[in-house]
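S.K.: Below you'll find the structure I mean.
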Amino acid sequence: MQVEKNFEPTVVAFCCNWCSYAGADLSGNNRIQYPANVKIIRIPCSCRLNPMFILRAFQRGADGVILCGCHPGDCHYTSGNYFARRRMTLLFSMLSFLGIEKERCRVEWVSAAEGAKFAATMNDFVATITRLGENKKLEDLRCKK
Amino acid sequence: MQEVIKQKAIELLSSGKADRVLGWKEGEFFYDITPAVFTDVKEIEEKFVYNAFCGPNFSKYLVAESRKDGKIAVFLKPCDTYSFQQLLKEHRILRDKVYAVGIPCDGMVDIEKIRQKKIKGITGVTEAGEVLQIDTIYGKKEVAKKDVLAERCENCKSKKHVVYDELIGEEGDVLDSHRFDLVEKIEAMSEEERFAFWQNELSRCIRCNACRNVCPACTCEKCVFDNPASGIDQKAAADSFEEKMFHIIRAFHVAGRCTDCGECSRVCPQNIPLHLLNRKFIKDINEFYGEYQAGADMETRAPLTDYQTDDCEPSVILTKGDQ
């Protein structure tokens, strides 16, 4: 008998070193559960995120990409997340313009003290991506061989 | 107009105000106008042209030309002056090595559009006011100029020269161009329709890189697309993903610096409406961060190198109508 397998999405979370990565740590320390589908990639600052990284993640099989950084105003480098915010707004708008589901990318501000928020955000995001299903529009078939 | 500009070119060269003149000459066909650097008067007399096919924007050539010995004179149409000023702002052109002459432009003509009107065997085109007289091997034909304007000239954004040393003709105005109409139309489509539309357009891409090479905003000395390790450097490495990746990144790299000169769409051998991607970014920037026209002045900071503490959050996209 064939067992039907539930769809398990791959979610890439880019976390800034100073706030969100520490926030993820905190949620772990506090034993707050968040799905194992989330693969965290640490970046020095949310503004380190080249738009190409997001597309590359989709190419290599991610179903959703989320960027977490310090709250606006709290950037370790003073203004990095303000620039990241503008870039991501434009990039997400462009992805939507090209007909790619706009829920697949997200930006959330998570501070080092917000372990619970980190877990809640990830739970919500993974649920959204599970509902959306597999990323077909931006995948690269060569990477799935 | 051609004679006036030609005389000006000769005058600049013979008076020693410029050592070289950047202008247009005929290419393989009369409608295939190519940029040319003239160094002697005789050559200008024989070859210099300025007609309705002189599309090429010279701004990008000046990045290299202004670094050579001597001074170069250049002819700039109104929309070219925006690209020129944008490059000055980015310190890519050495201003004191360039003598810029602003020239008027009534819009450029697209030979493909003439052909689409079932006019075959074209041997020459002369402008007579609003009408183009076309010589063909089957006799003379006429067509209204506004019907065969190049796509970017249909929505001309400005007849104003924003920077020049000397102006031929009169100063024009910034126009109300309706250039975002088509972008809005695509935005109003459903997600699936948008995806199908762009899939159809972008899948024609042959990755010739002409759009990148011609773009006055693309002046990086080492381009990200020339990196063989990127996996997206050539068509041979392509599948449907690669095209989207290339075009998103190409448009993103010039976001906030693109003056909307429309060269990308003009040179595209596959007629992909690439300028729509750039216009989408311009429209978003105008909407989210206030009106901004790249190259319109030397002072304003580019939107992507600037920020406000109360900028909208990226989640604004989720709540923007269907789009």
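S.K.: Viscosity 1.306 mPa s, temperature 10 °C: Stokes-Einstein D of region B:98-162 from its Kirkwood Cα radius, in µm² per second?
M.R.: In µm²/s, the coefficient is 121.
S.K.: Let me ask you something else. If I histogram all Cα-Cα distances within region B:257-306 using bins 10 Å wide from 0, what percent of pairs lands in each bin?
M.R.: All Cα pairs, binned at 10 Å, distribute as 25, 47, 23, 5 percent.
S.K.: So which trypsin sites (Lys or Arg not before Pro) in region B:270-306 end up in coil per DSSP with only 13 or fewer other C-beta atoms within 10 Å?
M.R.: Details: sites: B:Arg279, B:Lys280, B:Lys283, B:Arg301; in loops: B:Arg301.
The qualifying sites are B:Arg301.
S.K.: Can you give the angle from 0 to 90° between the axis of helix B:2-14 and the longest principal axis of chain B, with both taken from C-alpha atoms, to the nearest 10?
M.R.: The angle comes out near 80 degrees.
S.K.: Helix A:80-97 versus the longest principal axis of chain A: what is the Cα-based angle in degrees, 0 to 90, to the nearest 10?
M.R.: Result, in degrees: 30.
S.K.: I would also like to ask the following. Stretch B:Tyr292-B:Glu142 to full length: gain in nm at 0.36 nm per residue minus the Cα-Cα span?
M.R.: Between B:Tyr292 and B:Glu142, full extension yields an extra 50.0 nm.
S.K.: If you don't mind, another one. What are the semi-axes of the equivalent ellipsoid for region B:54-178, taken as the square roots of 5 times the Cα gyration tensor eigenvalues, largest first, in whole Å?
M.R.: So the equivalent ellipsoid measures 32, 16, 12 Å along its semi-axes.
S.K.: So, one more: Based on the alpha-carbon gyration tensor of the protein assembly as shown and its eigenvalue square roots a ≥ b ≥ c, which shape applies: rounded if a/c is under 1.5, prolate if not and a/b is larger than b/c, or oblate? Walk me through the intermediate numbers first.
M.R.: Details: a/c = 2.57, a/b = 1.89, b/c = 1.36.
Prolate, since a/c reaches 1.5 and a/b exceeds b/c.
S.K.: At q = 0.16, 0.21 Å⁻¹, what log₁₀ I(q)/I(0) does chain A have when each alpha carbon counts as one equal point scatterer in the Debye sum?
M.R.: -0.83, -1.31
S.K.: When Cβ neighbours within 10 Å are restricted to other protein chains, what is their mean count per residue of peptide A:44-52?
M.R.: 2
S.K.: On full extension of the chain, what length is gained from B:Thr39 through B:Cys312, given 0.36 nm per residue of separation minus the C-alpha to C-alpha distance? Don't skip to the answer; put the middle values down first.
M.R.: Working: separation 273, 0.36 × 273 = 98.28 nm, distance 5.26 nm.
So the extension gain works out to 93.0 nm.
S.K.: Report the rotationally averaged projected area of chain B based on its alpha-carbon convex hull, in square nanometres.
M.R.: Across all orientations, chain B yields a mean hull projection of 18.7 nm².
S.K.: Counting only C-alpha contacts under 8 Å and six or more residues apart, can you give the relative contact order of region B:1-117 as a whole percent? Could you put the intermediate results ahead of the total?
M.R.: Working: 176 pairs, mean separation 29.6, N = 117.
Rounded, it is 25 percent for region B:1-117.
S.K.: How big is region B:174-323 by Rg and Dmax over its Cα atoms, in Å?
M.R.: Cα only, region B:174-323: 16.0, 45 Å (Rg, Dmax).
S.K.: For B:Met189 and B:Asp106, calculate 0.36 nm times their separation in residues minus their Cα-Cα distance, and state this gained length in nm to one decimal.
M.R.: Value of the extension gain: 26.6 nm.
S.K.: Using helices alone, I'd like the mean residue ellipticity at 222 nm for the protein assembly as shown: each DSSP H run of four-plus residues gives -39500 (n - 2.57), total over residue count, nearest 500.
M.R.: Value at 222 nm, helices only, nearest 500: -10000 deg cm²/dmol.
S.K.: Relative contact order, percent, of chain B when contacts are C-alpha pairs under 8 Å separated by at least 6 residues? Write down the numbers at each step before the final one.
M.R.: Values: 486 pairs, mean separation 49.7, N = 323.
Answer for chain B is 15 percent.
S.K.: Could you tell me how many degrees, from 0 to 90 and to the nearest 10, lie between the Cα long axis of helix B:191-202 and the main elongation axis, the longest principal axis, of the Cα atoms of chain B?
M.R.: Once rounded, the angle reads 40 degrees.
S.K.: Considering the dipole of region A:11-137 built from charges on the beta carbon (Lys and Arg +1, Asp and Glu -1) around the Cα centre, which of A:Val11, A:Ala62, A:Asn37 is farthest to its positive end?
M.R.: About the Cα centre, the residue reaching furthest to the positive side is A:Ala62.
S.K.: How large is the Kirkwood hydrodynamic radius of region B:1-113, counting all unique pairs of alpha carbons, in Å?
M.R.: 14.2 Å
S.K.: Average partner chain C-beta neighbours within 10 Å, per residue of B:306-312?
M.R.: Mean number of neighbouring Cβ atoms from other chains: 4.
S.K.: With a 10 Å radius around each residue's Cβ, average the other Cβ atoms per peptide and rank B:195-206, B:19-30, B:266-277, highest first.
M.R.: The peptides rank, most packed first, as B:266-277, B:19-30, B:195-206.
S.K.: Additional query: What's the average, rounded to a whole number, of partner chain beta-carbon atoms within 10 Å of each residue's beta-carbon in A:71-77?
M.R.: Mean partner-chain Cβ count within 10 Å for A:71-77: 1.
No lab work stands behind these numbers, since they all come straight from the coordinates. As the structure is a computational prediction, the values presented were derived from the model and not from experiment. Using ideal geometry, Cβ is built from the backbone for each residue, glycine included, and neighbour counts are taken over all protein chains shown.
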